[in-house]
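Working notes for the structure below.
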Amino acid sequence: MQHQLFGERETQNQSHDVHQLLICSLDESFSLRVELLSEKKICGKVPKLSNPVVINELNRREIILSDLAYEDCEIDLLLGANVAGLLFMGGSIELESGLFLLRTHLGFVLTGKQKYIW
């Protein structure tokens, strides 16, 4: 398989192992079986959310994110638009910081660029 990268660059042909994965919500009300390709490293680490103002706003809104307690982490699974589109339920919440919460069948995803840094 050859991959197209940002800026129209392309990789050399590569072989990938193919795996089946069942994605489920914690309450098992939603599940989706997907096929994925293995790759040793997908991209760099994602910084953990450490901004106390954003964390307090999430607490006020009673929104729980699963990875607040962890340090910066590596991406273990990268979903393509074909899969991510099936997970999104529609609806977003703009936080005061400029970040957005996107509602999915698995909970919320925090994304975007902060307007300011505290």
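The values are calculated or read from the model by the stated rules, or taken from the named source; none is laboratory data. Owing to the predicted nature of the structure, the values given are computational and were not obtained by experimental measurement. Backbone-built Cβ (ideal geometry, glycine too); neighbour counts: all protein chains shown.
Could you please tell me which pairs satisfy a Cβ distance under 7 Å, a separation of 6+ or placement on different chains, a first residue in the stretch 48-63 that is within 15 Å of PHE100 (Cα to Cα), and a second residue that is of a type in the set (Val, Ile, Thr) and in a helix (DSSP H, G or I)?
LEU49/ILE55
Could you look through the stretch 76-86, keep only residues that are exposed (fewer than 12 other Cβ atoms within 10 Å of the Cβ) and not charged (D, E, K, R), and pick out the one that is farthest from the chain's Cα centre (by Cα)?
Among residues in the stretch 76-86 that are exposed (fewer than 12 other Cβ atoms within 10 Å of the Cβ) and not charged (D, E, K, R), the one farthest from the chain's Cα centre (by Cα) is ASN82.
Which residue is modelled with the lowest pLDDT, if the candidates are limited to the stretch 11-53 and must be loosely packed, with under 10 Cβ neighbours inside 10 Å and part of a strand (DSSP E or B)?
Only one residue fits best here, namely VAL18.
Within the stretch 54-94, which residues are aliphatic (A, V, I, L, M) and in a loop (DSSP other than H, G, I, E, B)?
Filtering the stretch 54-94 for residues aliphatic (A, V, I, L, M) gives 54-55, 58, 63-65, 68-69, 75, 77-79, 81, 83-84, 86-87, 89, 93.
Of everything in the stretch 54-94, those that are aliphatic (A, V, I, L, M) and in a loop (DSSP other than H, G, I, E, B) turn out to be ILE63, ILE64, LEU65, LEU68, ALA69, ILE75, LEU77, LEU78, LEU79.
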